[in-house]
Structure formats: structure tokens, C-alpha cells
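First the structure, in the form of C-alpha cells, and then the observations on it.
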Amino acid sequence: MNNAYLYALTGIVLFTLGLYALIIYSHLLRKILAINIMASGVFLQLVALSTRARPLLDAVPHAMVITGIVVAVSATALALALMLRLRDASGSAELIEESTE
Amino acid sequence: MTLLQWAFDGLLGITLIWLAWRTLASADLFKAIVLFIAFGLLMSLAWVRLNAPDIALAEAAIGAGLTGALLLVALARLNVVAAQTGDIESNTKQISAPEDSARTTAVVGQGVSNKHNLFQYFLVLMLSAVAAGLAYAVLSLPSEAPGLSRDVAENLNVSGVSNPVTAVLLNFRGYDTLLEMAVLLLALLGVWSLNRLPEQYESSPGLVLDMLSRLLVPLLLLVAGYLLWVGSRAPGGAFQAGSVLAAAGVLLLLAGWRPAARFLGWPLRFALIIGLAVFVSVALLMMLPGGQLLQLPPAFAGALILLIETAATLSIGVTLAALFYGSRPRSEQIPPHHTGSGGENE
């Protein structure tokens with residue numbers, strides 16, 4: 001048991017918070033923020049658990065997270081472009097609730 | 001000392017969770033994005049605490065900096081479009097609190113609101129169960145797991161570099177990085193084919209930003225070069241250098257600078273694909289002497305990695321800056337009614 005578990009648990013909480021926000025908010029920008037927070041949680045947990053290789057440094061999870069950060073920013077940029085396009089087409093960047101009746 | 005470390009880590013963890021919660025729950029979208037940038041900066045502090053300085057650099061430059069800039073410019077465009085169409089109602093609705101919409105539902109119909117609340121309680125219950133299960137899984141893992149660290153350490157001397165993270169990124173797991181470059185390029189192609197917004201939303205930057213960009217851009221270029229060079233033996237590398245380069249580009253774009261039209265044709269395309277092109281060429285060339293795809297010979301591995309990284313830095317920097325710019329720059333001045341999809345340009 002070391003400090004890294006603290007970060008692993010923080011990662012789990014971040015992931016769950018993001019998932020909650022992803023489900024309940026209808027505005028797409030909030031959903032994109034929520035996905036980014038979820039990704040941060042996953043990355044944090046992955047690297048925190050890789051410290052169990054001490055005293056050696058497990059570089060593979062580190063490299064995976066760097067790759068993940070770059071992929072996350074690409075996905076965010078594409079998602080934002082899609083959101084703006086949806087806004088142009090439908091006039092709103094929010095998903096319409098179906099259970100209005 | 002250990003107590004102090006526990007206190008620091010605990011405080012950092014709680015602050016991260018609190019910031020994430022405020023980001024997701026704040027009523028104002030602009031505030032949410034600013035909080036998200038602060039969250040990214042604290043995340044990079046957490047990476048330092050976890051002994052991962054490479055990730056800390058990438059997170060500070062990309063996670064906090066560029067993602068924040070992308071989100072802010074997207075929010076500005078959302079509001080610009082709303083103002084142009086005079087759609088003030090939906091504009092205010094869009095930045096209004098989710099609590100507000102919940103309240104409106106409560107006014108409209110008590111039954112709907114009850115159902116909504118019931119769903120929220122159920123969701124919180126389910127997600128708590130998920131979190132508890134994940135926490136149990138994490139805490140029940142064996143406390144020692146070397147993973148692939150021994151393999152990396154044993155083969156580091158044939159990788160051509162002495163920074164294990166760079167060795168994994170560009171030699172041992174070069175395939176991942178190759179595909180990642182393709183993902184970046186694909187994202188840009190997606191953004192370019194989707195976006196048809198008018199580009200003139202930016203005005204003159206003002207004296208401060210103008211002076212700041214003059215001072216900062218040369219410094220950013222220097223830092224990018226340093227990060228690229230030092231990546232072979234210390235924290236740094238193509239992604240960190242590329243994102244610093246992109247930051248310089250974003251700053252220039254914000255200050256109103258636009259590349260001359262003659263650079264926007266094939267020179268821009270060349271800069272965008274050179275990273276992937278060099279990577280693929282090297283990977284394929286390795287097959288010629290009877291090797292395998294991406295199998296770098298130890299004698300030349302260092303030089304080849306530097307070559308790939310230099311090309312990748314340029315491509316990553318230009319791609320990320322182009323993602324920030326949003327729409328495909330036109331190499332020639334075409335009148336708006338000739339752009340094919342120029343319906344909204346009027």
C-alpha cells in the first residue's frame with residue numbers, strides 16, 4: 001500500500017463522475033468535457049497502478065498514456081467540429097429529450 | 001516527510017475530484033472550460049508525483065493547453081452563430097444551468113420531474129456500485145507487478161535512446177505511435193470536411209497579445225527544439241515538442257497572423273503528412289535487408305528515431321495548430337458563392 005493507490009482511487013472517482021455527467025447532461029459540450037474527465041481518470045489509474053513495478057520504471061503504460069492524450073485531443077477536436085455542425089443544422093447544441101410526453 | 005507526502009497526495013486527489021465536479025456541474029460553460037484547464041494543470045502535478053515527467057509535459061501542453069484552447073474557440077463559435085442568427089433564446093438556454101432545465105421540468109409536470117429524479121437516484125446507485133467494484137478490483141491487485149519494466153530495461157541498450165519512454169514510443173511499440181500519427185491526420189481531415197464556418201470571427205488582437213506573441217514565439221520554438229533533442233535521454237520527445245510548436249502556432253493565429261496564401265497549398269499539406277510519411281518510409285525500408293516492419297537496427301536506431309521524431313514534431317505541431325484553426329484554409333481567395341457549401345455565407 002503506497003501513495004499510488006490514492007491516485008488510482010482518485011482515477012476511479014473521476015471516471016465515475018465523468019460517466020454520470022455524460023449520461024445526465026444533454027448539452028454536447030458538457031458531454032465532451034465529461035469524456036475528457038473520464039479519460040483523465042483512466043490514465044491516472046493506469047499510471048498509478050504501473051508504479052507497482054518499483055524500483056524499476058514501467059515505461060509501457062507511460063507511453064500508452066502519452067499516446068492516449070494525443071488521441072484524446074484529436075477526438076475532442078473532431079467532436080467539437082461535429083457539435084458545431086449539428087448546431088448549424090439543428091439550431092441547438094443540445095440533444096433533445098425524448099421522454100417529453 | 002511521509003506524512004507530509006500523504007497529506008499532499010490526499011489534498012491533490014481531493015482537489016482534482018472537486019475541480020472535476022465543478023467543471024461538470026458549473027452553470028456557465030465558459031467557467032466550466034476554465035476550470036477544466038485548471039484541472040489539466042493539476043493533473044500534470046499528479047503525473048509528477050507519480051514519477052511520470054514525460055506525461056506531465058504532454059498533459060500540460062496538450063491536455064490543459066491545447067484542449068482548453070480548442071474548447072474555448074468552439075464555445076466562442078457557438079455563441080457567434082447564436083448571435084448572428086439572433087437566436088438569443090437558445091443562446092441563453094445553451095449556457096443556462098442544467099439545474100434550471102430540471103426546474104423547468106418540475107414546473108411543467110410533477111410526474112415527469114419525479115420520474116427524472118428517480119432515474120437520477122437509480123443512476124447514482126448504479127455508478128456507486130461500479131466505482132465500488134473498481135476500487136475493490138484495484139485494492140485486491142497484488143502489490144508487486146513488474147509488468148514489462150524488466151524487458152524494457154534489458155533491451156534499452158539496443159533501442160538507440162536512453163529514455164525508456166521514448167524507447168517504447170518509437171522503437172518497442174513504434175506501431176502504436178505510427179497509428180497515432182494517422183489518427184491525428186484523420187481527425188484533421190474530419191474537421192476540414194465538416195467545417196464550413198466563415199473564418200473572419202477574429203479581430204485585431206490588441207497591443208498586449210501582439211507584443212506577447214513577438215516575445216513568446218521565438219522562445220516556444222527554442223523550447224520545442226530542446227524538447228525534441230533531449231527526448232532521447234530525458235523527459236521530452238516528439239509529442240511534447242510538437243505540442244509546444246502548436247502552442248506557438250495558436251498564439252500566432254490568435255494574434256491575427258495568417259500564413260501567406262502560397263504556403264497554404266501543397267507546403268501546408270507537406271508539413272501535415274511528413275511525419276507519417278517519414279515514419280512509414282522508415283518502417284518499410286527496414287523490411288528491405290530482411291528485417292521486419294519497424295525493426296530498427298541497433299546501430300542506426302538512434303539516428304532513425306531522431307529523424308522520425310523531427311518529422312513527427314513538425315507534423316504534430318502543424319496538425320494541432322490546424323485543428324485549432326478549425327476550417328480548411330483556402331490557398332486562393334475564392335468568392336464566397338463559389339465555395340460550393342457557401343449557403344450560410346450569404
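General observations
- Subset of the stretch A:19-54 (residues that are within 7 Å of chain B (Cβ to nearest Cβ), surrounded by 23 or more Cβ atoms within 10 Å (Cβ to Cβ) and small (Gly, Ala, Ser)): A:40, A:48, A:50
- Identification of helices (runs of 4 or more DSSP H) wholly contained in the stretch B:134-199 with 2 or more residues that are within 19 Å of the chain's Cα centre (by Cα), crowded, with 16+ Cβ neighbours inside 10 Å and not aliphatic (A, V, I, L, M) yields B:174-194.
- Only residues that are assigned to a helix (DSSP H, G or I) and either farther than 17 Å from residue B:310 by Cβ or open to solvent by less than 20 Å² (accessible area, probe 1.4 Å) (or both) were counted in the stretch B:245-266, giving 13.
- Evaluation of residue A:62 against (1) open to solvent by 70 Å² or more (accessible area, probe 1.4 Å); (2) free of Cβ contacts under 8 Å to residues at least 60 places away in the same chain (one fails), failing number: (1)
- Taking each residue of the stretch B:226-245 that is of a type in the set (Lys, Arg) and looking for partners that are open to solvent by 20 Å² or more (accessible area, probe 1.4 Å) with beta-carbon atoms closer than 7 Å, six or more apart or interchain, yields B:233/B:162.
- Per the conditions (1) among the polar types (S, T, N, Q); (2) modelled with pLDDT of 90 or more; (3) under 20 Å from the mean Cα position of the chain (by Cα), the sole criterion not satisfied by residue B:281 is (3).
- Taking first residues from the stretch B:132-149 that are within 7 Å of chain A (Cβ to nearest Cβ) and partners that are part of a loop (DSSP other than H, G, I, E, B), the Cβ contacts under 6 Å between residues at least 6 apart in sequence or on separate chains come to B:147/A:58; B:149/A:56; B:149/A:58.
- Any hit, the stretch B:1-11, residues being over 17 Å from residue A:29 (Cβ atoms) and crowded, with 19+ Cβ neighbours inside 10 Å: yes
- Within the stretch B:133-161, the only residue that satisfies the criterion of being of a type in the set (Asp, Glu) and under 18 Å from residue B:299 (Cα atoms) is B:154.
The values are calculated or read from the model by the stated rules, or taken from the named source; none is laboratory data. Worth saying up front: this structure is predicted, and the values here are computed from it rather than measured. All Cβ positions, even for glycine, are placed from backbone atoms using ideal geometry, and neighbour counts span all protein chains on display. Just the protein is used for accessible areas: all its heavy atoms, side chains included, with ligands, DNA and RNA removed. Shrake-Rupley method; radii C 1.70, N 1.55, O 1.52, S 1.80 Å.
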